[in-house]
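The values are calculated or read from the model by the stated rules, or taken from the named source; none is laboratory data. As the structure is a computational prediction, the values presented were derived from the model and not from experiment. With ideal geometry, Cβ positions are generated from the backbone for all residues, glycine too; neighbour counts draw on all protein chains shown.
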Amino acid sequence: MTKVELIERMAKDADISKAAAQKALDSMITGIKATLKKGSKVTMVGFGTFSVSKRAARKGRNPQTGEAIKIKASKSPKFTSGKAFKDAIR
């Protein structure tokens, strides 16, 4: 499902315009991003939790040359599905 298809589905299910559904979806995504950027979690009971996963700096190897390289510390978004969501798709 693409973002456009999701917006169409939201508009149909909520009996609202596609523009309103797009605004709602964009607002939700923006809110999740802003909360994660602050370092907080977003928990939606019955759906799941969005959080930030931190990776420490580490040493690695360039696969082409075998040369040792330094890999910087990084953060990435993480989603953990809730029990009700898991059960719904089984």
Legend entry - The listed residue being assigned by TED's automatic domain parsing to the domain that holds Lys83, more than 23 Å from Ile89 (Cβ to Cβ) and charged (D, E, K, R), out of Lys54, Lys18, Lys23: Lys54
Legend entry - Residue match in the stretch 61-68 (condition: of a type in the set (A, V, I, L, M) and touching a helix residue (DSSP H, G or I) at 6+ places or on another chain (Cβ under 8 Å)): no
